[in-house]
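Following: one structure in structure tokens, then a few remarks.
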Amino acid sequence: MVLKQNKGISAGVMSLSELNCLVKTAVYEMLPETYWIRAEISDVRINSSSGHCYLEFVEKDEKSNQISAKARGTIWVRNFQIIKPYFEQETRQPFISGIKVLVNVSVEFHELYGYSLNVSDIDPSYTLGDMMRKRNEIIERLKKEGIFTLNKELPFPILPQQIALITSPTAAGYEDFTHQLATNEQGFQFYIKLFPALMQGEKTEESIISALEQIYPHKEKFDVVIIIRGGGSTSELSSFDSYRLAANCAQFPLPIVTGIGHERDETVLDLVANVRLKTPTAVATFLIECIENEAERLDNWISFLTLIPDFLHSENEKISNISVLIGHNAELYLLSKRKLLDEFYVSLKHNVSDFILESNRLIEFKEQYILLVSPENVLKRGYSLTFKNGKIVKRAKELTVNDEIIIKFADGEKTGIIHK
């Protein structure tokens, strides 16, 4: 039955390649232009021989994070040589899996390879916006959790000589850093323990966190943790805008100093570090200056202490001179005061004698005056005193008819009555 049906429709049967050709034609006819699409890139692979970039575009559900759409993509070498450096220069982000992009694509359908998207252009501003949004979300999360400034609040050691160094041993920055510390002009000694880590690529975050975990059990042996990365592309700094890495560094019990190697860029790791410097060389200079400042302060104290004996001798001489001067001046002072007391005594004695004499004269005078004006003497001079009811009568109007009065004379008194 099947054979009969196949024989009956054999005229309408086509090969797979023929069908694919129809699909290809339909795709070109229906989607002839280029289109801007938003997607996340994954599985980025660069063909070492041809230079073409093969990747995959995916779209994920915001809630479940499950892939809801997928398409293969290609960036031919000619476009890729333009798009990749342009994107990385503008975003300072490597063109790697896991980033969101806005790309201009044309829809392709190949009879053998099927459906794919050819990339002709890219808009870095879209990725920048997404990166900045993620970066700000990380910073806000760190602040909300109360750990953003924890490492900055740790006191920086006065003598940072025991150093736990996290970097790649093959990095140029490592050589520069260790050489500068080892050959410092002052001859300061630094103990450096290297904890190797990858400083670029997708495993940077995991590698640095692993190094921190190795340091933690021996944290008492170190003064600071140094994270440096010299050279390399600016676009490779995205690994340092990681929440896990920033959270680990922010909560680490030792002060962390970063020298990531770029002057313009400030990563989230730089923001949470105790001290942020531009380059590995700048970190080495900073450590040397810390020791220099303390050495200078100690030299100043030593210089001051050497001056103390001379200072004390000088002060003792001053005290001795002052003591002699005080003794001499005190004797002169006492002599002058004794002379003044003698003079005051003589003057006081003279003045007291004069005062007593004068007072006696005044008393005698007053005594004579009192005797002179006493009633007895007045009566002896022919005067009399008139009394009414025991009181002296001074005015005539004080007496009325029938008033009984007593008139007192020098030799006695008489009683009378007022008739008119």
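The values are calculated or read from the model by the stated rules, or taken from the named source; none is laboratory data. A quick note: this is a predicted structure, and the numbers were derived from the prediction, not measured. For neighbour counting, all protein chains shown are included, and Cβ atoms are generated from backbone atoms with ideal geometry for every residue, glycine included. For the accessible areas, the whole protein counts, side chains as well, though only heavy atoms, and no ligand, DNA or RNA atoms are used. Shrake-Rupley method; radii C 1.70, N 1.55, O 1.52, S 1.80 Å.
If you run the Gaussian network model on the chain, springs between alpha carbon atoms under 10 Å, then out of VAL27, VAL224, VAL105 the most flexible one is VAL27. What pairs from LYS152/LYS221; LYS391/LYS420; LYS134/LYS219; LYS63/LYS134; LYS391/LYS414 go past 23 Å between their alpha carbons? Going by Cα-Cα distance, LYS134/LYS219 fall outside the 23 Å limit. In the chain, carbon and sulfur make up what percent of the accessible area (probe 1.4 Å)? C and S atoms contribute 57 percent here.
A Gaussian network model of the chain, with springs between Cα atoms under 10 Å, assigns the largest mean-square fluctuation among ARG72, ARG141, ARG338 to ARG338. A simple charge model with +1 on the Cβ of Lys and Arg, -1 on the Cβ of Asp and Glu and nothing else charged puts the dipole of segment 335-420 at about 280 debye relative to its Cα centre.
Of all the options ILE46, ILE96, ILE67, the one that moves most in a Gaussian network model of the chain with Cα springs shorter than 10 angstrom is ILE67. This model, with +1 at the C-beta of Lys and Arg and -1 at the C-beta of Asp and Glu, gives the chain a dipole about its Cα centre of some 2460 debye. Here LYS349 is the anchor, and the aspartates and glutamates within straight C-alpha reach of less than 15 Å, apart from those fewer than 8 places off in the same chain, are GLU358.
Among LEU307, SER242, ASN377, flag the residue with its Cα farthest along the positive direction of the charge dipole of the chain, charges on Cβ as +1 for Lys/Arg and -1 for Asp/Glu. Comparing the listed Cα positions along the dipole, ASN377 ranks first. Between SER374 and ALA69, the contour length at 0.36 nm per residue exceeds the Cα-Cα span by 95.4 nm. Candidate values (1) 4, 12, 14, 11, 8, 6, 5, 4, 4, 4, 4, 4, 6, 5, 4, 2, 1, 1, 1, 0; (2) 4, 21, 32, 28, 13, 3, 0, 0; (3) 4, 20, 28, 26, 16, 5, 1, 0 were compared with P(r) over Cα pairs in 10 Å bins from 0, in percent computed on the shown model; the agreeing label is (1). By its C-alpha gyration tensor, with a ≥ b ≥ c as the square roots of the eigenvalues, how is segment 38-137 shaped: rounded for a/c under 1.5, else prolate for a/b larger than b/c, else oblate? Oblate, because a/c is 1.5 or more while a/b does not exceed b/c.
For the listed peptides 320-333, 377-390, 113-126, a ranking on the average number of other beta carbons within 10 Å per residue, highest first, reads 113-126, 377-390, 320-333.
Calculated FRET efficiency, SER42 and ARG141, Cβ-Cβ r, R0 30 Å, to nearest 0.05? With R0 = 30 Å, the Cβ-Cβ based efficiency is 0.75.
Once the piece of chain linking CYS21 and LYS221 is laid out straight, how much longer is it, given 0.36 nm per residue of separation minus the C-alpha distance between them?
So the extension gain works out to 64.9 nm.
Around the Cα centre of segment 44-126, unit charges on the Cβ atoms of Lys, Arg, Asp and Glu (plus for the first two, minus for the last two) sum to a dipole of about 220 debye. Selection among VAL352, SER323, VAL268 by position relative to the dipole of segment 263-354 gives VAL352 as farthest towards the positive end (Cβ unit charges, Cα centre).
Protein heavy-atom accessible surface, 1.4 Å probe, per residue over the chain: 66 Å².
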